[in-house]
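Below is one structure; the comments refer to it alone.
The values are calculated or read from the model by the stated rules, or taken from the named source; none is laboratory data. Quick caveat, the model's predicted, so the values are computed rather than measured. Heads up, the Cβs are rebuilt from the backbone with ideal geometry, glycines too, and the neighbour counts pull from every protein chain shown. Each accessible area value is taken on the protein alone, full model and side chains, heavy atoms only, with ligands, DNA and RNA left out. Shrake-Rupley method; radii C 1.70, N 1.55, O 1.52, S 1.80 Å.
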Amino acid sequence: MTAPNRNTLWARALVDELVAAGVDAVVASPGSRSTPLTVAAARSDDLRVFSQLDERSAAYFALGRARRTGTVTPLICTSGTAAANYHPAVMEASEARVPLLALTADRPPELRDSGANQTADQEKLYGDAVRFYKDLPEPAPNDRALRSLRTTVARAVGTAEGADPGPVHLNVPFKKPLEPTRVPDDVPADLDQVAERGRDGPYVDVTPGSPEPGDEALQRLANELSTTDRGLIVAGPADPPGLDAEAVTALSHATGFPVLADPLSGVRFGGHTRVAPVIGAYDAYLSAAVAGESHSWTCLLYTSLSGLAR
């Protein structure tokens with residue numbers, strides 16, 4: 001069925017592309033300017049919508065869910081200072097390499113810098129903390145604009161969940177009417193079906209790179225380890241996709257190095273601890289002298305690179 005107006009068409013295409021990219025839930029906060037996005041998400045049979053009144057809480061909820069699932073949970077908020085409340089979670093997502101996608105509704109360009117209510121400068125609001133930013137064009141009911149929108153959304157999700165995961169920001173301007181009310185002749189009846197309804201699957205397939213070390217790097221590491229008598233494996237926080245506990249303990253077993261496991265590493269407990277010395281809460285008793293100049297240690301900072309355990 002043809003959308004009642006261009007805002008509804010635009011938001012529907014954006015949300016459909018999120019679903020095609022594998023998104024299964026969004027977090028929405030109340031507000032007027034974001035109405036097209038919220039309505040499109042609520043009407044999607046493939047999305048679960050979490051409603052959070054406070055944008056700061058919403059952002060940390062999405063951050064926590066992404067840590068657990070390893071996939072992005074997009075955020076939807078209205079224009080103005082609402083978007084600023086995402087900033088702390090965006091910064092944390094950047095440093096912790098957690099996928100996050102902020103969809104911030106905005107006034108159209110002619111209402112910016114005009115003293116209109118709930119208007120703030122949302123251009124590159126999060127600075128260098130995001131992996132990718134785009135100020136989307138105003139909704140346009142034509143093939144080229146819709147194809148571009150779908151491509152951008154696919155790229156946004158792919159970047160957020162890519163080899164270097166982190167936050168992404170799409171700024172989405174809307175004019176009135178924001179509700180799905182019919183505007184005569186606003187959406188042409190002969191729109192290209194691929195542009196309007198998308199493809200079977202994502203409009204653009206994104207294939208992320210693999211963050212595994214190459215054979216040369218592994219050989220270099222093996223050579224170093226073969227000449228080292230003392231060492232430690234430090235397992236840090238388990239950012240998505242997390243640490244492979246079996247790989248960590250296999251490396252420990254092969255080298256004889258104990259594992260100092262961070263509380264957020266996910267490797268402190270489990271059956272794998274039977275084959276390797278995994279030490280938790282080490283900060284409570286480990287002397288600073290261990291890292292002093294009188295000791296010679298090789299320290300491996302273990303990440304989620306499964307190839308290290310070969």
Item checked: Calculated from backbone phi, Karplus (6.51, -1.76, 1.60) coupling profile of the stretch 68-73 in Hz, x at Gly/Pro -> 6, 8, x, 10, 7, 10
Item checked: Fully extended contour minus Cα-Cα distance, from A116 to K175, at 0.36 nm per residue -> 19.9 nm
Next item on the list: Choose one of V275, L111, S34: the residue whose Cα lies farthest towards the positive end of the charge dipole of the chain (beta-carbon charges +1 Lys, Arg; -1 Asp, Glu; about the Cα centre).
Entry: S34
Next item on the list: May I ask you to rank E92, E246 by accessible area, largest first, using a 1.4 Å probe over the protein chains only?
Entry: E246, E92
Notebook entry, point to check: Dipole of the chain, Cα-centred, from +1 at each Lys and Arg C-beta and -1 at each Asp and Glu C-beta, to the nearest 20 debye?
Noted result: 500
Next item on the list: Hey, could you grab the Kirkwood Rh for the chain? Inverse mean 1/r over distinct alpha carbon pairs, Å, one decimal.
Entry: 21.7
Notebook entry, point to check: Of P237, V72, S94, which is farthest along the charge dipole of the chain in the positive direction, counting Lys and Arg as +1 and Asp and Glu as -1 at C-beta?
Noted result: V72
Notebook entry, point to check: Under a point-charge model restricted to the Cβ atoms of Lys and Arg (+1) and Asp and Glu (-1), what is the dipole moment magnitude of the stretch 62-159 relative to its Cα centre, in debye to the nearest 20?
Noted result: 580
Item checked: More than 24 Å apart - percent of Cα-Cα pairs taken over the stretch 6-179 -> 26
Notebook entry, point to check: In 10 Å bins starting at 0, how do the alpha-carbon pair distances of the stretch 1-88 split up by percent?
Noted result: 18, 49, 29, 4, 0
Item checked: the chain - mean residue ellipticity at 222 nm from DSSP helices (-39,500 (n - 2.57) per run, n ≥ 4, rounded to 500) -> -9500 deg cm²/dmol
Margin query: With +1 on the Cβ of every Lys and Arg and -1 on the Cβ of every Asp and Glu, and nothing else charged, how large is the dipole of the stretch 6-179 about its Cα centre, in debye rounded to the nearest 20?
Written below: 240
Next item on the list: Run the accessible area of the chain with a 1.4 Å probe and give the carbon-and-sulfur part as a rounded percent.
Entry: 50
Next item on the list: State, as an integer percentage, the relative contact order of the chain based on alpha-carbon contacts under 8 Å between residues 6 or more apart.
Entry: 18
Notebook entry, point to check: How far apart, in nm, are the 7 Å Cα→Cβ label points at S32 and L264?
Noted result: 3.9
Check: Ordering H272, H87 by how much accessible area each has at a 1.4 Å probe, largest first, what is the list?
Finding: H87, H272
Item checked: Accessible-area ranking of E216, E138, largest first, probe 1.4 Å -> E216, E138
Note to self: Please compute, for the alpha-carbon atoms of the stretch 93-210, the extent along each of the three principal axes and give them in descending order in Å.
What the structure shows: 48, 42, 19
Check: Quick one: accessible area per residue over the chain, 1.4 Å probe, rounded to a whole number of Å²?
Finding: 50
Notebook entry, point to check: With point charges of +1 on the Cβ of Lys and Arg and -1 on the Cβ of Asp and Glu, referenced to the Cα centre of the stretch 171-246, which listed residue (G209, Q219, V187) lies farthest in the positive direction of the dipole?
Noted result: V187
Checklist line | Cβ-Cβ FRET estimate between D54 and E246, R0 fixed at 41 Å, reported to 0.05 | finding: 0.55
